[in-house]
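The values are calculated or read from the model by the stated rules, or taken from the named source; none is laboratory data. Just so you know, these numbers come straight off a predicted model, no measurement behind them. Don't worry about glycine lacking a Cβ; one is built from the backbone with ideal geometry, like all the others, and counts go over all protein chains shown.
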């Protein structure tokens, strides 16, 4: 009888070139520990110069300190250079109006880019697995992402400083744990991964297992969908770039022919009408993005209707100051500051739930925990602040006027005119850029709405 071979970890070596100075993002969790061990085991064979890198996010207190000590000790055991740094993800989230998860992710990738810019490493490897891919694709689907959002996590992402690589994106979490068990290798557990207040954890622990009752191969199929979406998105980008030069027109048409320079751009409505709907939508979204205003499905369809069936002189005003005007041959797009007399839209959601608010370039996920009061209001409203609004900041002695809070934040001009707050039961429980006293049993995560864009989707 042949001896049973020890388990191995599926590793995409096509991303790894001889001589590559590669830092592994080592959190201490099972996935990153398995990736580091697998690369260390095959490092000489692959010709890698391996490093380990750990970022302390300033969260979870002694538990996070233990993660750092564990990562440092493992790197020393494997005789690898070790890089470490500390950040304050909580403070960054408050300053930038982000969720803790989003702030931590941004800080992590910023540090990875610093490492590559230093010249000490050429690339950084992160330990995303097929399970992470399935969770990401499902999360994007639930948010109503465009097809590029279903691309999920990319195997490699290019930055000017270097590349972020995901060598075990085809490995499952079960394979990771089997591999580590065979090595007798321990790992650290992040207690926050069990908190069901976080959307990703609810997808991981509740939704995916439920859906797998219908299709046990669901994770595999979601990962396949991501691969298909990535390849098709690459084709779309090339096709849109080819057609944009034919359909998008700079400046404004002038009498007698030619174009005058100026703000905004235009689309040739006649040429746009000749294209299939999929290309029409792509080109309209591409045009809006050129002006710095990503648009959602409803706005895209409104622009498409104006371009195809609108009459000369007809106008349309959308979120973020995007304005469209139909001329005899063109659809003109411009950006203007929102007038203070323009009412800002309001978004109401039944709890728990999610709000996508293009007017504020914002997405809120609102969850109710076990500590929620029995009489907790079942709806919340995201709206613009109003004169007289008061908000209670964490650790403050009493409510403060929102106007005064904005003044202290040095928010002036048109920015002050459009500033979102979340109202629940007559009380402001969230406000962009500040740490509001939390409502009992209510958990709120905020993220920029352009997080659904392809680059953000790839940086999970």
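Couple of notes before you dig in:
- Residue check, residue 220 under 30 Å from residue 286 (Cα atoms) and surrounded by 12 or more Cβ atoms within 10 Å (Cβ to Cβ): no
- Scanning the stretch 53-72 for residues that are under 25 Å from the mean Cα position of the chain (by Cα) and either over 17 Å from residue 192 (Cβ atoms) or not assigned by TED's automatic domain parsing to the domain that holds residue 86 (or both) turns up just one, 53.
- Count of residues meeting criterion [part of a loop (DSSP other than H, G, I, E, B) and either surrounded by 20 or more Cβ atoms within 10 Å (Cβ to Cβ) or on the phi < 0 side of the Ramachandran plot (or both)] in the stretch 285-312: 8
- Residue list for the stretch 100-120, filter: modelled with pLDDT under 85 and within 19 Å of residue 61 (Cβ to Cβ): 100, 101, 103, 104
- Scanning the stretch 165-188 for any residue that is under 24 Å from residue 297 (Cα atoms), surrounded by fewer than 23 Cβ atoms within 10 Å (Cβ to Cβ) and at pLDDT below 95 turns up nothing.
- Evaluating residue 97 against the criteria (1) modelled with pLDDT of 90 or more; (2) at positive phi leaves one unmet condition, (1).
- Qualifying residue in the stretch 149-162 (condition: in contact (Cβ under 8 Å) with a residue 40 or more places away in the chain and closer than 27 Å to residue 77 by Cβ): yes
- Residue check for residue 256: at pLDDT below 85, surrounded by fewer than 16 Cβ atoms within 10 Å (Cβ to Cβ) and assigned to a strand (DSSP E or B): no
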